[in-house]
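Throughout, read-outs are computed from the coordinates displayed, never taken from laboratory work. Treat the numbers as computed from the prediction; the structure is a model and nothing was measured. Don't worry about glycine lacking a Cβ; one is built from the backbone with ideal geometry, like all the others, and counts go over all protein chains shown.
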Amino acid sequence: MTIAYGGHTVYGISIGIILLDTKFPRVNGDVGNSTTFQFDVMYTFVKNASPQRVVGGDKTLLEPFIEAARYLEKQGVKAITTSCGFLALFQKEMVHSINIPVFTSSLLQVPLVSNLIGREKKVGIITANSDTLTEEHLNAVGWSSRDYNVVIRGMQKFPNFSAPMLLNKTVLKEELIRMEMVTASKLMIEEHPEIGAFVFECTNMPPYAKAVQQATGRSVFDIVTLTNFVYHAVENKAY
């Protein structure tokens, strides 16, 4: 006999995503575009959580993000992620505030990627802003730059990327951003040919992962690869 149990308003959605309060376009591949995923996702957002505040490390946003996570948990999702890798700062607090898995940042993948490619190779981390990505962010998701062989490069000086993603402008030039991402990754390979794979910190970067992969011949891990991984963990296939 099959028995169904209630308690929620919405059913059948396993992944909840907490968005920043933004106005820039979210194209296919962006974590904030539901067509990115082959499964349904549920969104909520934190009011006044601008890219500037989050990337700048504003810790007064912790409680609003916890409340957003609790809201999604009450709706019945099975795991929660966010729309900015800099929310790594809140990983430990958010995990201990709810009873379902939380993965705030793509940076959680770095130890796995390092072990996949071998410790003698480097993990190339491309971030929205390398000036504000600190050791504290890395420590908050369970590792240190002393533990793993990493190279970090920021996109803050690339104008087509930074205008929408960091300054929250409403115009996004997809082809030009793709070119900037490829340029940044190729420069990293030139300077550090021992890079064995890339991890994108920024959740707005996955639309350009394929171009970087093709240009460098390296695997790319991002928030979408992580979300897909978690989805299949909380929604196992029946055999």
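Lysine pair count for the chain (Cα-Cα distance under 16 Å; residues 8 or more apart in sequence or on different chains): 11.
Between Asp21 and Tyr5, residue separation times 0.36 nm minus the direct Cα-Cα distance comes to 2.4 nm.
In order along the range 160-166, the Karplus-derived 3J(HN,Hα) couplings, from 6.51 cos²θ - 1.76 cosθ + 1.60 at θ = phi - 60°, round to 6, 6, 5, 4, x, 6, 9 Hz, and Gly and Pro are given as x. Between Ser50, Ser105, Ser83, the residue with the greatest mean-square fluctuation in the GNM of the chain (Cα pairs under 10 Å linked by springs) is Ser50.
Give me Cys84, Cys202 ranked fewest to most by other Cβ atoms within 10 Å of their Cβ, as a rough exposure proxy. Mind dumping the intermediate values first?
Details: Cys84 26, Cys202 30.
Neighbour counts put them in this order, fewest first: Cys84, Cys202.
Each residue of the range 135-142 was assigned a 3J(HN,Hα) from its phi angle through the Karplus expression (A = 6.51, B = -1.76, C = 1.60, θ = phi - 60°), giving 4, 4, 4, 5, 4, 5, 9, x Hz with x at Gly and Pro.
In the range 1-129, what % of DSSP beta bridges are antiparallel (nearest 5)?
DSSP beta bridges in the range 1-129 are roughly 0 percent antiparallel.
What ranking do His137, His96 get, fewest neighbouring Cβ atoms within 10 angstrom at the top? Don't skip to the end; give the middle numbers.
Details: His137 21, His96 10.
Going from sparsest to densest Cβ surroundings: His96, His137.
Centre-to-centre separation between the Cα atoms of the range 83-107 and those of the range 145-190: 23 Å.
Which trypsin sites (Lys or Arg not before Pro) in the range 1-82 pass both tests, a DSSP loop state and at most 13 other beta-carbon atoms within 10 Å? Walk me through the intermediate numbers first.
Details: sites: Lys23, Arg26, Lys47, Arg53, Lys59, Arg70, Lys74, Lys78; in loops: Lys23, Arg26, Lys47, Lys78.
Sparse-neighbourhood loop trypsin sites (Lys or Arg not before Pro): Lys23, Lys47.
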